[in-house]
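The values are calculated or read from the model by the stated rules, or taken from the named source; none is laboratory data. Treat the numbers as computed from the prediction; the structure is a model and nothing was measured. Here the Cβ is made from the backbone with ideal geometry for all residues, glycine too, and neighbour counts use every protein chain on show.
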Amino acid sequence: MTELEHCYNIFDLREVAQRRLPKGIFEYVDKGTEDGISLEENRAAFQRLKLHTRFLNDWSKRDLGTEIFGQRINLPFGIAPTGSAGLMWYQGEVELARAAAAAGIPVTLAMGALTSLEEVTKAVPDARKWFQLYPWEDEAGNYEMVTRARDLGWEALVVTIDHAPGRGREHNERNGFSFPFKPNMTAAVDMATHPGWLWRVMRKYLMNEGMPTNANYPDRYRFSVIDGKTRVSPKRFQAMTWEHIRKFREFWPRKLIVKSILSADQARAAVDAGADGIVVSNHGGRAFDSAIATIDVLPEVVEAVGDRCTVILDSGIRRGSDIVKALALGAKMVLVGRATLYGTACGGQAGAARAIKILSDEMERSFGYIGARSVAEIGPHIFARNNPAQ
Ligand SMILES: Cc1cc2nc3c(=O)[nH]c(=O)nc-3n(C[C@H](O)[C@H](O)[C@H](O)COP(=O)(O)O)c2cc1C
């Protein structure tokens, strides 16, 4: 049996990823912000929710698929944008997109990815592709990227709005992990002691395209992951308002999704500004350590805008039952970030596919326990007590 086949759940994939990746890169992926409270709370909030069992309900014919933006997806989840997939595996973004396309689920490319919109389009033409943007103060730069996604026919633009204050990820400083890498002793020793990663990932970049860069950035902002000296830093868009979302709405011809919603008010503002979808997200506990767990805030968001837009949830999904709980509280689908990243670090496309299969099998088993045959049959009635939607 291969190492991947020995990974029976997402936590096993995480363990293998930890062995394979340099510590700085693993912790960048794995940890949260500041004290890691919101990271822990994301898991604890799912774990607090208990479900009724309902047997002898003939679930022999079942369908885990659903419809998002008028088109079927085979499983009610998709891949969240993660800027670092290309550090998990050579062209990790392409590997993730291939795994998503094979599973019939959408994939989101982060604007900070190491593989470009054009390369992903060419490599995986049949994937349902969404492009994520962190808006910069340089609006022309934003629109250069968004125009490329538009002209390539990508299905959705995902605008992440929690970006402006920056991140309190102290472990990155401690590990000497930054982007571009600042060649310091800690980071150098870390990489040198992970020759497998250097061989599998870095060597391939060096042999093919040279040092990886943020491949989607306009040329004036592109810089190599090691030599950052020539870099002109794009500024986070601190003066951004909902007006700028309206502008994206006018410009973007297909689905517009606003990510980082954590209250009914912000959800209403997003829909009023023209969003077709929102992602209830605390960035997987990586942004604001006092943020509420997304599953805890989901009911009030769904109550506020559930009939006006597609509500998506992410942050903390590690088990198939987590997905079932989110669907029960009104999410139309969820996104997974770390789960498929760990998988990608373990085996590229095959590893990402393993993560998807694990979540899908667990979800299917949960369907069996709660007696559901389709996503449509899942609702707040499945909670055993303290229905969180009330
Ligand atoms: C390593 C890593 C990088 C990420 N990069 C981005 C990004 O570039 N843009 C973005 O909107 N979200 C980013 N996210 C957040 C994810 O899109 C998603 O909200 C989060 O991972 C969900 O939580 P989970 O990891 O518990 O599934 C990143 C997450 C991780 C783990």
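Listing for the model above:
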{"quantity": "Matching residues, region 272-287, being charged (D, E, K, R) and within 16 Å of the ligand (Cβ to nearest atom)", "calculated": "R286"}
{"quantity": "Sole exception among (1) in contact with an Asp or Glu (Cβ under 8 Å, 6 or more places away or on another chain); (2) closer than 14 Å to V280 by Cα; (3) within 15 Å of the ligand (Cβ to nearest atom) for D314, by number", "calculated": "(1)"}
{"quantity": "Top-ranked residue in region 12-40 [being near the ligand (Cβ under 10 Å from one of its atoms) and outside any helix (DSSP H, G or I); ranked as farthest from G176 (Cα to Cα)]", "calculated": "G32"}
{"quantity": "Checklist (1) in contact with a strand residue (DSSP E or B) (Cβ under 7 Å, 6 or more places away or on another chain); (2) buried (at least 23 other Cβ atoms within 10 Å of the Cβ); (3) over 27 Å from A156 (Cβ atoms) applied to A97, failing item", "calculated": "(3)"}
{"quantity": "Residue among E67, E137, E93 that alone is of a type in the set (D, E) and without any contact (Cβ under 8 Å) to a residue 12 or more places away in the chain", "calculated": "E67"}
{"quantity": "Where R385 falls short, out of the listed (1) under 17 Å from the mean Cα position of the chain (by Cα); (2) farther than 30 Å from R200 by Cβ; (3) not polar (S, T, N, Q)", "calculated": "(1)"}
{"quantity": "Test for R43: is it basic (K, R), touching a residue at least 12 places away in the same chain (Cβ under 8 Å) and farther than 29 Å from E377 by Cβ", "calculated": "no"}
{"quantity": "Any hit, region 341-357, residues being crowded, with 16+ Cβ neighbours inside 10 Å and within 17 Å of T66 (Cβ to Cβ)", "calculated": "yes"}
{"quantity": "Residues of region 174-193 classified as within 16 Å of the ligand (Cβ to nearest atom), of a type outside the set (G, A, S) and out of contact with any Phe, Trp or Tyr (no Cβ under 6 Å at 6 or more places or on another chain), total", "calculated": "3"}
{"quantity": "Subset of region 252-263 [among the basic types (K, R) and either at positive phi or loosely packed, with under 15 Cβ neighbours inside 10 Å (or both)]", "calculated": "R254"}
{"quantity": "So L87, is it out of contact with any Phe, Trp or Tyr (no Cβ under 7 Å at 6 or more places or on another chain) and either in a helix (DSSP H, G or I) or within 11 Å of the ligand (Cβ to nearest atom) (or both)", "calculated": "yes"}
{"quantity": "Filtered residues of region 41-51 (kept if more than 14 Å from the ligand (Cβ to nearest atom) and either hydrophobic (A, V, I, L, M, F, W, C) or part of a loop (DSSP other than H, G, I, E, B) (or both))", "calculated": "L49, K50, L51"}
{"quantity": "Selection from region 104-127 of residues that are away from the ligand (no atom under 16 Å from the Cβ), in contact (Cβ under 8 Å) with a residue 12 or more places away in the chain and either buried (at least 24 other Cβ atoms within 10 Å of the Cβ) or in a loop (DSSP other than H, G, I, E, B) (or both)", "calculated": "G104, V124, D126, A127"}
{"quantity": "Residues located in region 1-33, provided they are at pLDDT below 95 and surrounded by fewer than 16 Cβ atoms within 10 Å (Cβ to Cβ)", "calculated": "M1, T2, E3, E5, H6"}
{"quantity": "Within region 130-151, considering residues that are touching a Ser or Thr at 6+ places or on another chain (Cβ under 7 Å) and not hydrophobic (A, V, I, L, M, F, W, C), the one surrounded by the fewest Cβ atoms within 10 Å (Cβ to Cβ)", "calculated": "Y134"}
{"quantity": "Unique residue being more than 20 Å from W136 (Cα to Cα), of a type in the set (D, E, K, R) and surrounded by 18 or more Cβ atoms within 10 Å (Cβ to Cβ) when the list is D190, D162", "calculated": "D190"}
{"quantity": "Selected residue [in contact (Cβ under 8 Å) with a residue 40 or more places away in the chain, over 23 Å from L298 (Cβ atoms), away from the ligand (no atom under 16 Å from the Cβ) and surrounded by fewer than 16 Cβ atoms within 10 Å (Cβ to Cβ)] from R54, R62", "calculated": "R62"}
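Every residue, every condition in (1) surrounded by 18 or more Cβ atoms within 10 Å (Cβ to Cβ); (2) outside any loop (DSSP other than H, G, I, E, B); (3) away from the ligand (no atom under 16 Å from the Cβ); (4) among the small types (G, A, S), yes or no:
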residue: R220; (1), (2), (3), (4): no, yes, yes, no
residue: Q238; (1), (2), (3), (4): no, no, yes, no
residue: E250; (1), (2), (3), (4): no, yes, yes, no
residue: A270; (1), (2), (3), (4): yes, yes, no, yes
residue: V301; (1), (2), (3), (4): yes, yes, no, no
residue: D307; (1), (2), (3), (4): no, no, yes, no
